[in-house]
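The values are calculated or read from the model by the stated rules, or taken from the named source; none is laboratory data. Because the structure is a prediction, the values reported are computed rather than measured. Please note: Cβ atoms are built from the backbone with ideal geometry, for glycine as well, and neighbour counts cover all protein chains shown. Keep in mind that these areas ignore ligands, DNA and RNA; they rest on the heavy atoms of the full protein, side chains included. Shrake-Rupley method; radii C 1.70, N 1.55, O 1.52, S 1.80 Å.
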Amino acid sequence: MGSWGALGPALLSLAGVVLGAGGSLFGQYLVSRASTRQLEIEESAAHRAELKNVILKFLRIASQVEKAALTLPRAGGSAADPVIDRLVDDLWLAQAEIDLSARSEPLRGAAYRYAARLAEAARGGPADVSALRGPQVQFFDAAYDDMWPGQRRATGDSLMPR
């Protein structure tokens, strides 16, 4: 019994140190995980804000190009319009900004296809509004998916009261 009387407190003391160190390491692990998650959330929010600004700029220019394309006189052999040329150049620059800011390839591709269709219409190609809507809808869907990956987008039907 004498050896337990001397060893017992030492072993309990050692067990307390081991438990304390383990608890401290586990606590640091949890804090590190929380910090990493918080950083991911902040980076995602910053990406969404940047991408939102780039998308809105692209859409402003796309709207101007579409209006110009739809109001163009369709006379064959007419000279190039410098205003349309400037708008199309601005559209391609805005598309390049999306290309740099987007996380996903579907958004890059959808922005390119929409810009190409708009540029074609602005430079005298077919300017049918319905032909522009398909690429526009694909662009919006891809933009939503890039900004909020994995989340379902609410449709118009689900917003209607029943």
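Go through Thr36, Thr71 and list them by solvent-accessible area, largest first, probe radius 1.4 Å. Could the numbers behind the result be given before it?
Values: Thr36 70, Thr71 110 Å².
Descending order: Thr71, Thr36.
Pulled fully out, how much extra length does the chain show between Arg153 and Val17, if you take 0.36 nm times their separation in residues and subtract their Cα-Cα distance? Present the calculation step by step, with values, prior to reporting the outcome.
Values: separation 136, 0.36 × 136 = 48.96 nm, distance 5.23 nm.
Full extension of this stretch gives 43.7 nm more.
Taking the full set of protein chains and a 1.4 angstrom probe, give the accessible area of Leu59 in square angstrom, rounded to the nearest 10.
Only protein atoms counted, so the area is about 40 Å².
Multiply the residue separation of Ala10 and Trp92 by 0.36 nm, subtract the distance between their alpha-carbon atoms, and state the gained length in nm to one decimal.
On the way: separation 82, 0.36 × 82 = 29.52 nm, distance 7.50 nm.
Full extension of this stretch gives 22.0 nm more.
What accessible area per residue, rounded to a whole number of Å², is obtained for the chain using a probe radius of 1.4 Å?
Values: 10880 Å² over 162 residues.
It amounts to 67 Å² per residue over the chain.
When the solvent-accessible surface of protein heavy atoms is calculated with a 1.4 angstrom probe, in what order do Arg117, Arg60 fall, highest first?
Largest to smallest exposure gives the sequence Arg60, Arg117.
Calculate the FRET efficiency for Thr71 and Arg133 from the Cβ-Cβ distance with a Förster distance of 30 Å, rounded to the nearest 0.05. Spell out each step's value before the answer.
Numbers: r = 18 Å, r/R0 = 0.59.
Result of the calculation: an efficiency of 0.95.
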